[in-house]
Amino acid sequence: MANSAVAATALRIARTGRDVLRDVSFTVPACSVNGLLGPSGCGKTTLLRAIMGVQAVTAGVVEVLGHPAGHPGLRRRIGYATQTPAVYADLTVAECLRYFAAVLGAPATDVDRVLADVDLAGQRDRLVGSLSGGQRGRASLAVALLGEPELLVLDEPTVGLDPVLREDLWSLFHRLAAAGTTLIVSSHVMDEAARCDRLLILRDGTVFADDTPDGLRAATGETDLERAFLQLVRERETV
Amino acid sequence: MNPTITAATARRVLTQLRHDPRTVAMLLLVPSLLMSLLRFVFNDERAFNHLAPALLGVFPFVVMFLVASVTTLRERTTATLERLMTLPLGRLDLILGYAIAFGLVAVAQVGVATGVCAWLGLDLGGSLWTVLLIAVLDALLGMALGLLVSAFATSEFQAIQFMPLFVLPQFLLCGLLQPREQMSQVLHWLSDVMPLSYAVDALGRATASADMDAALLTDILVVAGCVLLALALGAGTLRRRTR
Ligand SMILES: Nc1ncnc2c1ncn2[C@@H]1O[C@H](COP(=O)(O)OP(=O)(O)OP(=O)(O)O)[C@@H](O)[C@H]1O
Ligand SMILES: [Mg+2]
């Protein structure tokens, strides 16, 4: 398990008395781009919150970079972009990033680097509240990139973006992975699955598939991942 | 706790305020406007001199309670708090950052209000600095209580309504409308456990005589203790892990 960045074992999470995740076990290999996919409400955000250590866990364990999730030593080592952008509407983009950089103890030059990474350099002095939804999401993603964390946990970072920007961000994700970062990226659009090294597909709170895109294609005989997913759903339902 | 992070948080809160000039203007001017109104309601320098010192503490208390509870509620209900809780920021760093930022606002607010009162004919004798200190403590008390009760509100509507719930009873019982000694036993006990009573008592004593006596010092320490207690409890209500 030395080269796995995240490992969950028999994870169960109940929210308001109802099981949101049941018997979830998986490992995430280091230095790779991992997709977390599944329909809306299947528990993606809950699982990512558990990895970040902000979600109370009912049973099971989550290990992150060799520590139990939520360990104080992890706080500088993981970058997190929440599904709702976590940025202050009444600050400019640069002021917001400078604050988070100060909290992380990241160098001030990091602000310019991450702004360039998410293509927001032109908006640095605009108030976050005056940005478009996609721009705000990218500002939140920029915060996650501060301090060059070893693990990036990104909750639907490409929602609401045009194909060109989406392509740019996925190239960025792969550049980061090649440089040694582990990424977990959630999405509910299957066409992004093809850009991942590995896929973890959740359905109704359980692991539905845990494979490479090619493995999934081979197992179903479909070339298109969306069709492969639908094929799997049909197979399981007839059993 | 980390002083760099606390200072960065205070600077961030002040920067947020700076982008909202209307709020800053209201923070600085509303207590002064109310004091001016009071002066003209009485139209009598003696009556104004009797009530003004206490209200110099009460108005900033109310304003800071509202501002602090809404601001921190906003932090709690947006994703930023969850995000901050995954970062190397202590819960006290966040609370003290807010306290420092609002404390600076309180100093400016009370300074302006006291200046306006002096201009309206309020005679503070030799105790200007003591009165300033107590009024700032009152504003801090409002802020600290606002921070604390925001933990029990899940919407801005609730937070706003905590003002009449937590602040007005303290105002009714603090001895301003009716001397505390003349209240029934139960009300007297209640007013004994309300921090605003000590603040108003302190302002009365400070303006009555320029000397710092033991009773005045006790009042000041009680108010300061309540500020610290509310801040500590406020930090305790922040949760890193939620259900
Ligand atoms: N704060 C909460 N309290 C109680 N239950 C919640 C809470 N947030 C989410 N849930 C429930 O947990 C389940 C999983 O939610 P989650 O947000 O993890 O889904 P998701 O896969 O991220 O969905 P989406 O793609 O729409 O973001 C849902 O059934 C939801 O109703
Ligand atoms: Mg989600």
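Looking at chain A, the pairs of alpha carbons with a distance over 25 Å make up 42% of the total.
Calculated FRET efficiency, residue B:51 to residue B:22, Cβ-Cβ distance, R0 = 35 Å: about 0.75 to the nearest 0.05. Taken residue by residue and averaged, Cβ atoms of other chains lying within 10 Å of the Cβ of A:157-163 number 0. Expressed as a fraction of 2.2 N^0.38 Å, the value expected for a compact globular protein of N residues, the C-alpha radius of gyration of the range B:3-236 is 1.02. Every helix of 4 or more DSSP H residues in chain B counts as -39500 (n - 2.57), and over all residues that averages to -26000 deg cm²/dmol at 222 nm. In order along the range A:136-145, the phi-based Karplus estimate (6.51 cos²θ - 1.76 cosθ + 1.60, θ = phi - 60°) of 3J(HN,Hα) comes to 5, x, 5, 4, 5, 5, 4, 4, 5, 7 Hz; Gly and Pro are listed as x. Note on the range A:1-120: Cα Rg divided by 2.2 N^0.38 Å, N the number of residues, gives 1.21. Counts of other chain beta carbons within 10 angstrom of each beta carbon in peptide B:19-27 average 1. Taking a sphere under 15 Å around the Cβ of residue A:237 and counting the other residues whose Cβ falls inside, with K and R at +1 and D and E at -1, yields a net charge of +1.
What's the Cα-based Rg to Rh of the protein assembly as shown, Rh via Kirkwood? Walk me through the numbers before you get to the answer.
Numbers: Rg = 27.6 Å, Rh = 25.1 Å.
Radius of gyration relative to Kirkwood radius: 1.10.
Determine the gain in length on full extension of the stretch residue A:77-residue A:18; use 0.36 nm per residue of separation and subtract their C-alpha separation, reporting nm with one decimal. Spell out each step's value before the answer.
Values: separation 59, 0.36 × 59 = 21.24 nm, distance 3.17 nm.
Between residue A:77 and residue A:18, full extension yields 18.1 nm more.
Peptides A:225-234, A:142-151, B:160-169, ordered by how many other C-beta atoms sit within 10 Å of their residues on average, highest first, read A:142-151, A:225-234, B:160-169. Taking every Cα-Cα distance in the range A:76-202 and sorting them into 10 Å bins starting at zero, the pair-distance distribution P(r) comes out as 13, 48, 32, 7 percent. Here the Debye sum runs over all C-alpha atoms of the range B:72-143 as equal scatterers in vacuum, and log10 of I(q)/I(0) at q = 0.26 Å⁻¹ comes out as -1.14. The H on the amide N of residue A:20, modeled in the peptide plane, is under 5 Å from the matching H of A:13, A:14, A:15, each at least 5 residues off or on a different chain.
Taken together, the values in this text are just the output of simple stated rules run on the coordinates, not laboratory data. Note that the structure is predicted; figures quoted are calculated from it, not measured. Don't worry about glycine lacking a Cβ; one is built from the backbone with ideal geometry, like all the others, and counts go over all protein chains shown.
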